[in-house]
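Contents: one structure, followed by commentary.
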Amino acid sequence: MQPIIQVKQLNKIYPGGFHALKNIELEIRRGEIFALLGPNGAGKTTLISVICGIVNPGEGQVLVDGMDIVRDYRQARQRIGLVPQELSVSIFETVWDTVTFSRGLFGKPRDPAYLEQLLRDLSLWDKRNNKIITLSGGMKRRVLIAKALSHQPDILFLDEPTAGVDVELRRDMWQMIRRLRDSGVTIILTTHYIEEAEDMADRIGVINKGEIVLVEDKNSLMQKLGKKQLTLQLQHPLPTIPAELHNYNLQLSEDQHQLIFSYDSDSEHKVIVNLLRKLEDLEIEFTDLHTTQSSLEDIFVGLLEETA
């Protein structure tokens, strides 16, 4: 199946000489949730802005559902909904007028029933006649989402969608995003809440200093780069790690009461069983054991350190 978004050899250099994007190669699969992670200034918003037609691309090409964003701008843009970081609505308009105007702006016919359901899904129906200036910050964020979805796009970009919003809105938003994905909408999000990417995304992309560092299925990434550790609480302190255990990736805690074994997922069962047998043979007793695994945040920080 053809990717819904294809980015080929994309470069963006601003007039001052800042090289914001460097030879970006990226494909987004139809119907997936793709999380784009990176520190501030890494190029996340610039990349999204280029794909959405807000910022002119430099060298390279971007295709949206097979259409070039420069040559076929109108057709490509109609397929995209964007929830930006900053408030981008007229604060003196009502909620209903805002979403109605946005739908018409993309050439879509009137559909009050669809817009009503959209506002109900976002808990905005009771506020439909309120001017946006009267709404709370969380409600304004909901309006941005409604505006982005008003023309029923195939692709939804969410640029830091939950930054500074309440827990209830975050929960409601992710429920809605899952429903959209299930209906076939492709979701691309940037977020500083890495636990959200870990929970929601099908694939993870990491960008740093304008370059794509990695693109990987989330589960594969966690398996390949996520470290696992088995910690054994020893019955008696162990002065040193015996020579018979030097083939294992072991560390001894400073207080000599914990033995820490690092391992990978592929060989965990066999290696752990062998280690426990060795400990038994050496009469090293332990009172407790537990395992831990690196989070996506640990992996992300490690990747940035490698590319610093």
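The values are calculated or read from the model by the stated rules, or taken from the named source; none is laboratory data. If you're wondering where the values come from, they're calculated on a predicted model, not measured in any experiment. FYI the Cβ positions are ideal-geometry reconstructions off the backbone, even for glycines, and counts take in every protein chain you see.
Residue-level check: of (1) assigned to a helix (DSSP H, G or I); (2) over 29 Å from PRO39 (Cβ atoms), ARG142 misses just (2). Can you tell me which residue is surrounded by the fewest Cβ atoms within 10 Å (Cβ to Cβ) among those in region 173-203 that are in contact with a Ser or Thr (Cβ under 7 Å, 6 or more places away or on another chain) and aliphatic (A, V, I, L, M)? Restricting to residues being in contact with a Ser or Thr (Cβ under 7 Å, 6 or more places away or on another chain) and aliphatic (A, V, I, L, M), the top hit is MET173. Checked against the criterion of being under 28 Å from ASP199 (Cβ atoms) and in contact (Cβ under 8 Å) with a residue 40 or more places away in the chain, the candidates GLN6, GLN61 yield just one match: GLN6. GLN85 meets all of the listed conditions (1) within 30 Å of ARG128 (Cα to Cα); (2) at pLDDT 90 or above; (3) not hydroxyl-bearing (Ser, Thr, Tyr) but one, namely (2).
The sole residue among ARG71, ARG30 that is surrounded by 15 or more Cβ atoms within 10 Å (Cβ to Cβ) and part of a loop (DSSP other than H, G, I, E, B) is ARG30. Filtered by the rule that a residue be modelled with pLDDT under 65 and closer than 13 Å to LEU230 by Cα, region 273-308 gives GLN293, SER294. The number of residues in region 42-58 being in contact (Cβ under 8 Å) with a residue 60 or more places away in the chain, under 20 Å from ASN208 (Cβ atoms) and not in a helix (DSSP H, G or I) comes to 2.
Which one of these does GLY17 not meet: (1) surrounded by 14 or more Cβ atoms within 10 Å (Cβ to Cβ); (2) out of contact with any helix residue (DSSP H, G or I) (no Cβ under 7 Å at 6 or more places or on another chain); (3) without any contact (Cβ under 8 Å) to a residue 60 or more places away in the chain? Every condition holds for GLY17 apart from (1). Within region 134-145, residues that are more than 11 Å from LEU122 (Cβ to Cβ) have Cβ atoms under 6 Å from residues that are surrounded by fewer than 22 Cβ atoms within 10 Å (Cβ to Cβ) in these pairs: LYS140/LEU87, counting only partners at least 6 apart in sequence or on another chain.
Pick out the one residue from LYS44, LYS22, LYS8 that is buried (at least 18 other Cβ atoms within 10 Å of the Cβ), charged (D, E, K, R) and at negative phi. Only one candidate passes the filter, namely LYS44.
Of the residues making up region 163-171, none is under 30 Å from MET1 (Cβ atoms) and free of Cβ contacts under 8 Å to residues at least 60 places away in the same chain. At least 3 residues being of a type in the set (Lys, Arg) and either in contact with a Cys (Cβ under 8 Å, 6 or more places away or on another chain) or at pLDDT 85 or above (or both) is the threshold, and among the helices (runs of 4 or more DSSP H) wholly inside region 157-272 those reaching it are 167-182.
Across region 74-86, the qualifying residues are those that are touching a helix residue (DSSP H, G or I) at 6+ places or on another chain (Cβ under 8 Å) and of a type outside the set (A, V, I, L, M, F, W, C), and the one among them that is surrounded by the fewest Cβ atoms within 10 Å (Cβ to Cβ) is GLN85.
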